[in-house]
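Asker: If you scroll down you'll find the structure; I have some questions about it.
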Amino acid sequence: MTEMSIERARGTAAEREALEQLSQLYVYDFIELLAPARRPHLADDGRFPPLPELDEYWTDPDRSVWFLRTEGILCGFALLNKHSHSGEPVDFNVGEYFVARPYRRSGVGTWGIVQLLNDHPGSWEIAVSARNLPAQVFWPRAIAGARITDLQKLQGDGTLWNGPILRFTAG
């Protein structure tokens, strides 16, 4: 079996539409994990509402967009920010992380997060929805391949966050 070529690159404003399109797939995949009262509805144009604060990822210096590609093909994204779900200060938080279905379980998702963690030293949080059981398995396994220390698994307080929160230092 040949080794797959995987790339990670910071998104540019010229790629804004690509993020908007991928975020529609992300919302579609994630919708079943939301409580029925919180599920977004399709608009008349057939699209879900945009992810909250998506526009700020192109203008706020504390936010960044990263695209994942395999064999040169766009297959996912990561949105980083400085939002803390625990109430403790952080340098980086994974706001959203998405790998399109055809590329899941191929190593792309793990490779992408390991690269981001290793390239961004500091304090991190990754908050996982209580309803997202596959992500609760993925995240501890994925970050184990990065240079991290001081790993804490906290439980959200139900107000700031409902679900597990991984806090650690990368670098």
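Quick note: the coordinates plus some simple rules give every number you see, no bench work behind them. These figures come from a predicted structure and were not determined experimentally. All Cβ positions, glycine included, derive from the backbone under ideal geometry; neighbour counts span all protein chains shown.
Asker: How do Phe92, Phe77 line up, fewest other C-beta atoms within 10 Å first? It would help to have the intermediate numbers written out before the result.
Answerer: On the way: Phe92 21, Phe77 25.
By the 10 Å Cβ count, ascending: Phe92, Phe77.
Asker: Quick one: Leu133, Leu19, Leu74, Leu166, fewest Cβ neighbours within 10 Å first, how do they rank? Kindly include the intermediate steps, with their values, before the conclusion.
Answerer: Details: Leu133 11, Leu19 24, Leu74 17, Leu166 21.
Ordered by Cβ neighbours within 10 Å, fewest first: Leu133, Leu74, Leu166, Leu19.
Asker: Which label belongs to the value computed from this structure, given these candidates for P(r) over Cα pairs in 10 Å bins from 0, in percent: [x] 9, 37, 40, 12, 1; [y] 9, 33, 29, 10, 8, 7, 4, 1; [z] 9, 33, 34, 17, 5, 1?
Answerer: Only one option fits the structure, namely [x].
Asker: Only Cα pairs under 8 Å and at least 6 apart count here; give the relative contact order of the chain as a rounded whole percent. Let's see the in-between values first.
Answerer: Details: 280 pairs, mean separation 32.8, N = 171.
Over the chain, the number comes to 19 percent.
Asker: As a footprinting exposure proxy, order Lys82, Lys153 by other Cβ within 10 Å, with the fewest listed first. Kindly include the intermediate steps, with their values, before the conclusion.
Answerer: Working: Lys82 17, Lys153 12.
Least to most surrounded, the residues fall as Lys153, Lys82.
Asker: To continue, here is another question. Between Leu42 and Leu151, what is the label-to-label distance in nm when each label sits 7 Å out along the Cα-to-Cβ direction?
Answerer: 4.0 nm
Asker: Among the complete DSSP H segments of the chain, which ones combine at least 15 Å of alpha-carbon extent along their axis with a mean Kyte-Doolittle hydropathy of 0.5 or more?
Answerer: Working: long enough: 16-30 (21 Å, -0.35); 108-119 (16 Å, 0.63); 133-143 (16 Å, 0.62).
Qualifying helices: 108-119, 133-143.
Asker: Between Gly46, Gly158, Gly112, where does the largest GNM mean-square fluctuation fall for the chain, given springs only between Cα atoms within less than 10 Å?
Answerer: Gly46
Asker: Mind checking which of Leu154, Leu68, Leu80 has the largest fluctuation in a GNM of the chain, springs on alpha carbons under 10 Å?
Answerer: Leu154
Asker: With +1 on the Cβ of every Lys and Arg and -1 on the Cβ of every Asp and Glu, and nothing else charged, how large is the dipole of the range 101-171 about its Cα centre, in debye rounded to the nearest 20? Don't skip to the end; give the middle numbers.
Answerer: Numbers: 8 positive and 4 negative charges, 78 e Å.
Dipole about the Cα centre, nearest 20: 380 debye.
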